[in-house]
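Here, each number is a calculation from the coordinates, and none is a lab measurement. Note that the coordinates shown come from a computational prediction; the quantities given were computed from them, not determined experimentally. Heads up, the Cβs are rebuilt from the backbone with ideal geometry, glycines too, and the neighbour counts pull from every protein chain shown.
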Amino acid sequence: MSTQNKDKLVAEAARLRAEGHPERARERLLALTAEFPDAADVAYQTAWVHDVLGLETEAVPYYERCLQLPGLTVEDRRGAMLGLGSTYRVLGRYGQAVETLRAGVAEFPDDGALRSFLAMALYNIGEHHEAMEILLRLVATTSTDPYVARYRRAIELYAGDLDESM
């Protein structure tokens, strides 16, 4: 099969997943995985569909593979890092979740979703202070709430040291 046909079939499987037919998408992606084991986009889409189906354990090796292979677009890499970190967290593999999500935040520092999932994983390992700091900074910098905006400077200041009474 040509790369062009592969790309068309990957897009079709992604469409099926997005339209609420994840089982059909999974079947197609597993067949593509057998034919293109070193295709990062196939591995990523296969991981994603397993996550959608609640098959997190099965998703992990596909996420890991797609992140090790060349060829992911920037947006797919971002999604794979979030997906893998979140999946590790769901599986109770909190240390790996923190490690993966920290790497994602380092690579994509403006991604609020990565920072949010990192905060959740930090909470799970008992790093409540850092988790709260991340979330407060995220709220302060991204909220459109006029009352949050009014106190943005104070929220950011307190985020750095919640134990300070100022």
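Once every DSSP H run of n ≥ 4 in the chain is given -39500 (n - 2.57) and the sum is divided by its residues, what mean residue ellipticity at 222 nm do you get, rounded to the nearest 500 deg cm²/dmol?
-24500 deg cm²/dmol
Mean separation of Cα pairs under 8 Å and 6+ residues apart, divided by the residue count of segment 95-166: what relative contact order is that in percent?
Worked out over segment 95-166, it gives 23 percent.
How far is the Cα center of segment 48-87 from the Cα center of segment 1-37, in Å?
Value for the Cα centre distance between the two parts: 15 Å.
Out of segment 1-97, which trypsin sites (Lys or Arg not before Pro) are coil in DSSP terms and have no more than 15 other C-beta atoms within 10 Å?
Answer by residue number: there is no such site.
Given an 8 Å cut-off on Cα distances and at least 6 residues of separation, report the relative contact order of the chain as a percent.
About 12 percent, as a whole number.
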